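Visitor: One structure coming up, written as structure tokens, with questions to follow.
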Amino acid sequence: MPDLDPEQFRLLAHRYVDWVADHRAGLESRPVRDDVVPGSVRDRFPAEAAEEPQDLGALLDRVDEIVVPADTRWQHPGFHAFFPANASLTSLLGEIVAGGLGPQGMLWSTSPACTEVEQALTDQLARGLGLGEAFTHIGGGGGVIQDSASSAALVAVLAALHRTSGGRWRETGVTGAERVYVTAETHSSLAKAVRVAGLGERGLRTVPFAPGTRTMDPLALAAMLAADAERGLVPTLVCATVGTTGTGAVDPVRAVAAAAARHGAWVHVDAAWAGVAALCPEFRHLVDGVELADSFCTDAHKWLLTAFDASLLWVRDAAALPAALSLTPAYLRDSASDSGAVVDYRDWQVPLGRRFRAMKLWSVLHGQGLEGLRAHLRGHVILAGELARRVRDHPGLELAAEPSLSLVCLRVRTGGTDADDDAAGRALLAAVNATGRTFLSHTEIDGRFVIRVAFGSPTTSDQHLEELWTILTNSVPIPTLR
Ligand code: PLP
């Protein structure tokens, strides 16, 4: 038999689940990262795959030997690099069910449940986030789960190309006049989407920041759009970011959308990290004006406890993505699709096939409830606020930007030049990360080196903040001149 039978699976899977539970229980006693020599994992594998079946129980021993020591432990409570990506145990329960069911939900008819659970949950979440009824399937728009915010940005660009060309783009491709508007803080996935869509480097326009901020200046945007339109260019899409990757900056969605609307440009809100915070009424102001946007994206796989990959994308017009992306060869024709009564999610994404990602989101929503999710988010914002307070009070550190939700950007103050501070910042980051107790990443602001601390793991608590603070302050140079 080419597969386990269900009874063999039951026995083995219990061992695998035990392995996962033990791994998570022991995570904190390990470093966040080990030193790994490039190629050292690959070198543990023979050149040829085994001819004979091997014992699946023994595979776990190999995982312990080869994989665990070379894994960067994203689920560790001391992981504060990039944006943490929660793979909560709650979401793994849904992941098991999704794998067990094993559907491929490209069409409604290839698994009505796979499609409709996703529709129902994205409608619930649109309401929870306060996006407005227009973004629900019931309200004429709808949500879809993409693999990543990068894919969400790409399909938004494609829908925008279709709309702004009056539908001609599908036949003719791009003309070279299309322009997409971002800021210097916008995630690189937008630039990649522009490249993949064939607009070339010239297709990307960088709007200046409003004075004294790192957020898009709506007046500069309006002027740029008008000047471009005057020159015969086609304002195609404007991306407003809620929570930039570098500093957590929040573009003014309402003003950006108003400027874009005057030129018919598509407004995409990239809230990949911060968007989920809108579940909390006190943070909803961050997405003020979202009802004017054409699409809104936030990653459940960053800060919403859902194992990678689960990027939530909503559009205000349910026809927009299928209009741009639908292609129906004979082998995909079916009566449910022809009836117009169903959503075929293959038309809302680039790949044809899709897995049952909604199942893990469902286990999170079911197991945590909106209140549980709000508590998860609020806990990290409190930790970030406390870290920011301590940084402000420390003579050898300073905030490099105002803290944003659970993200704190800091710099070293040596009392010397900016270059001295940057060098000390690099040394501090290396020293902190070398402890293995915590893992931080970095960025640049105006050419200056900045350490980023992003809280986000469900297991990170006050005690981990204390540990991080001790490590940071033990490693920071004492200011000499200031
Ligand atoms: N947009 C923002 C603001 C991000 O911070 C990120 C990743 O950190 C992305 C987009 C890309 O996310 P993904 O990995 O889901 O493509």
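Visitor: If you go through region 234-254 one residue at a time, do you hit one that is within 19 Å of L286 (Cα to Cα), within 16 Å of the ligand (Cβ to nearest atom), open to solvent by less than 10 Å² (accessible area, probe 1.4 Å) and among the charged types (D, E, K, R)?
Guide: yes
Visitor: Can you tell me which residue among A47, A85 is open to solvent by 90 Å² or more (accessible area, probe 1.4 Å) and hydrophobic (A, V, I, L, M, F, W, C)?
Guide: Only one candidate passes the filter, namely A47.
Visitor: Could we say that T328 is in a loop (DSSP other than H, G, I, E, B), within 16 Å of the ligand (Cβ to nearest atom) and among the β-branched types (V, I, T) here?
Guide: no
Visitor: Checking the conditions here, which among R411, R389 is surrounded by fewer than 21 Cβ atoms within 10 Å (Cβ to Cβ), modelled with pLDDT of 95 or more and more than 19 Å from the chain's Cα centre (by Cα)?
Guide: Exactly one of R411, R389 is surrounded by fewer than 21 Cβ atoms within 10 Å (Cβ to Cβ), modelled with pLDDT of 95 or more and more than 19 Å from the chain's Cα centre (by Cα), namely R389.
Visitor: Does T115 fit the bill of being touching a strand residue (DSSP E or B) at 6+ places or on another chain (Cβ under 6 Å), assigned by TED's automatic domain parsing to the domain that holds E282 and either within 16 Å of the ligand (Cβ to nearest atom) or polar (S, T, N, Q) (or both)?
Guide: Considered against the rule, which asks whether it is touching a strand residue (DSSP E or B) at 6+ places or on another chain (Cβ under 6 Å), assigned by TED's automatic domain parsing to the domain that holds E282 and either within 16 Å of the ligand (Cβ to nearest atom) or polar (S, T, N, Q) (or both), T115 comes out as no.
Conditions (1) at pLDDT 95 or above; (2) of a type in the set (V, I, T), marked per residue:
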position: L305; (1), (2): yes, no
position: L327; (1), (2): no, no
position: V350; (1), (2): yes, yes
position: H366; (1), (2): yes, no
position: I382; (1), (2): yes, yes
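Visitor: Does region 281-299 contain any residue that is part of a loop (DSSP other than H, G, I, E, B), within 24 Å of V242 (Cβ to Cβ), open to solvent by less than 10 Å² (accessible area, probe 1.4 Å) and within 16 Å of the ligand (Cβ to nearest atom)?
Guide: Looking through region 281-299, at least one residue is part of a loop (DSSP other than H, G, I, E, B), within 24 Å of V242 (Cβ to Cβ), open to solvent by less than 10 Å² (accessible area, probe 1.4 Å) and within 16 Å of the ligand (Cβ to nearest atom).
Visitor: Something else: Quickly run through region 192-202 and pick out the residues that are out of contact with any Asp or Glu (no Cβ under 6 Å at 6 or more places or on another chain) and surrounded by 18 or more Cβ atoms within 10 Å (Cβ to Cβ).
Guide: A193, V194, A197
Visitor: Please work out if D309 is more than 16 Å from the ligand (Cβ to nearest atom), within 30 Å of L93 (Cα to Cα), buried (at least 17 other Cβ atoms within 10 Å of the Cβ) and not assigned by TED's automatic domain parsing to the domain that holds H442.
Guide: No.
Visitor: Which of the residues belonging to region 225-280 are without any contact (Cβ under 8 Å) to a residue 24 or more places away in the chain and basic (K, R)?
Guide: R231
Visitor: In this structure, is R179 modelled with pLDDT of 95 or more, basic (K, R) and open to solvent by less than 50 Å² (accessible area, probe 1.4 Å)?
Guide: Answer is yes for this residue.
Visitor: Hey, among the residues in region 190-225 that are more than 22 Å from the chain's Cα centre (by Cα) and farther than 25 Å from E444 by Cα, which one's farthest from the ligand (Cβ to nearest atom)?
Guide: So the residue we want is A223.
Visitor: Counting only residues that are at pLDDT below 95 and among the hydrophobic types (A, V, I, L, M, F, W, C), which one in region 446-482 is farthest from the chain's Cα centre (by Cα)?
Guide: L481
The values are calculated or read from the model by the stated rules, or taken from the named source; none is laboratory data. Please read all numbers here as calculations on a predicted model, not as lab measurements. Cβ: placed from backbone, ideal geometry, glycine included. Neighbour counts: every protein chain shown. Protein only, heavy atoms only, side chains kept; ligands, DNA and RNA dropped before computing areas. Shrake-Rupley method; radii C 1.70, N 1.55, O 1.52, S 1.80 Å.
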